[in-house]
Amino acid sequence: MAGTTTNYGWTYPTSTDYVKDGATAIQTVATGIDTTLGTALNNKLHAGLVLVKTQTIGSAVSSVTVSNAFSATYDNYKIIISGGTANTTEDLNFKLGASTSDYYSSLLYVNYGSTTPAGSSTNPGNIFSWAGSATPNGIYLHNDVFTPFATKYTRWSNPMGVGNTWGGIVSGMHKSATSYTDFTITTPASLTGGTIYVYGYAKD
Amino acid sequence: MATAKTSEAKPLIQIDDEVREMTDEEYAQYLEFVANQPAPLGTPTE
């Protein structure tokens, strides 16, 4: 008598079922899997974010480059850093490839305890500023990067701008129509441990 | 804030899984990044 799987109820043949019904049983299993995946993925091939690459941060480093992060497979990316520790509290900065110019960053923030927004910007800078935080309590970064691989300006944002005394958001643009495959995180602090996650926003 | 190091070891740079000391050129560029970093918005206490 056929059985069903625990989580999704896929029907499968058991050892007492007839061999002659094997093909039909396989068809039933395949149909069940196809239905479940189609529902979960809205009939697409990938979920919203696809893990492209991970990179463990080494010991006492002040600059980490992740190569082959961007490609034609995805137009837009999310980069997350968590875990680890820093020797002191400093900002993290984000660099595209080898470019050291044409970075425009705008920060909108509010000091904790205040209701008055404030701002700051680079116009331009040599790197994207306020990309994340390096602290003895952990290393944090949450960036979205739009079209870094295309030969276009790259748009960038940090929706989780967090300092010890302020919280805010950062957005910016790299005004150079250049294709990049790598990025670098750099900081005045010394980083140990933690993981960099690179996700691509699925297109299919 | 990082300061120029001549005889002392330079900061470490990581490229993928490789970790090594910065070259002179990399260190010069790193110092420029640090020097041009926007001023802190608050006093670090963490």
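The values are calculated or read from the model by the stated rules, or taken from the named source; none is laboratory data. These figures come from a predicted structure and were not determined experimentally. Ideal geometry is used to build each Cβ from the backbone, glycine not excepted, and the neighbour counts take in all protein chains shown. Ligands, DNA and RNA are stripped out before the accessible areas are found, and what is left, the full protein with its side chains, is counted by its heavy atoms. Shrake-Rupley method; radii C 1.70, N 1.55, O 1.52, S 1.80 Å.
In this structure, the amide hydrogen of A:K53, modeled 1.01 Å from its nitrogen in the peptide plane, lies closer than 5 angstrom to those of A:V198, counting only residues at least 5 positions away or on a different chain.
A simple spin-label model places pseudo-atoms 7 Å from Cα toward Cβ; at A:S71 and A:T192 they are separated by 3.5 nm. Sorted on the mean count of surrounding Cβ atoms within 10 Å across their residues, most packed first, peptides A:192-204, B:12-24, A:13-25 read A:192-204, B:12-24, A:13-25. Computed from backbone phi, the HN-Hα couplings of segment A:176-181 come to 8, 6, 9, 8, 10, 10 Hz, rounded to whole numbers (Karplus: 6.51 cos²θ - 1.76 cosθ + 1.60, θ = phi - 60°; Gly and Pro given as x). Comparing A:G125, A:T65, A:V198 along the charge dipole axis of chain A, the residue lying farthest to the positive side is A:G125, per the Cβ-charge model. Surface calculation, 1.4 Å probe, protein heavy atoms: B:L31 sits at approximately 40 Å² accessible.
Adding -39500 (n - 2.57) for every DSSP H run of four residues or longer, then dividing by how many residues the protein assembly as shown holds, sets the calculated 222 nm ellipticity at -4000 deg cm²/dmol. Note on A:D34 and A:A98: with the Förster distance fixed at 35 Å, the Cβ-Cβ geometry gives a FRET efficiency of about 0.15. Take each residue in A:160-170, count the other chain C-beta atoms within 10 Å of its C-beta, and the mean is 2.
Per-residue shielding of B:30-37, expressed as the average number of other chain Cβ atoms within 10 Å of the residue Cβ, stands at 6. In sequence order, segment A:92-103 has phi-based couplings of 9, 10, 10, 10, 9, x, 9, 5, 10, 8, 6, 9 Hz under the Karplus curve 6.51 cos²θ - 1.76 cosθ + 1.60, θ = phi - 60°, and Gly or Pro positions carry x.
Sorting A:122-132, A:54-64 by their mean Cβ neighbour count within 10 Å, with the most densely packed peptide first, gives A:122-132, A:54-64.
Amide H contacts for A:A150 (H built 1.01 Å from N in the peptide plane; partners 5 or more residues away or on another chain; cut-off under 5 Å): A:Y180. Rounded to whole numbers, the Karplus 3J(HN,Hα) couplings from phi for segment A:107-113 are 10, 10, 9, 9, 6, 4, x Hz, using 6.51 cos²θ - 1.76 cosθ + 1.60 with θ = phi - 60°, and x at Gly and Pro.
Measuring against 25 Å, Cα to Cα, the residue pairs A:K175/B:K10; A:K95/A:K152; A:K53/A:K152; A:K44/A:K152; A:K20/A:K44; A:K78/A:K175 contain A:K175/B:K10; A:K44/A:K152; A:K20/A:K44 as the ones spanning a longer distance.
In the protein assembly as shown, taking the dipole from charged Cβ atoms about the Cα centre, the farthest positive-side position among A:L141, A:V29, A:Y104 is held by A:V29. What you get for chain A, charging only the Cβ of Lys and Arg (+1) and of Asp and Glu (-1), is a dipole of about 260 debye around the Cα centre.
Please give the helix A:22-40 orientation as an angle from the longest Cα principal axis of chain A, in degrees from 0 to 90, rounded to the nearest 10. Computed tilt is about 30 degrees. Taking a label point 7 Å from the Cα of A:Y12 along the Cα→Cβ vector, which residues of segment A:27-46 have an amide N closer than 15 Å to it? The answer is A:27-34, whose backbone nitrogens lie closer than 15 Å to the label point.
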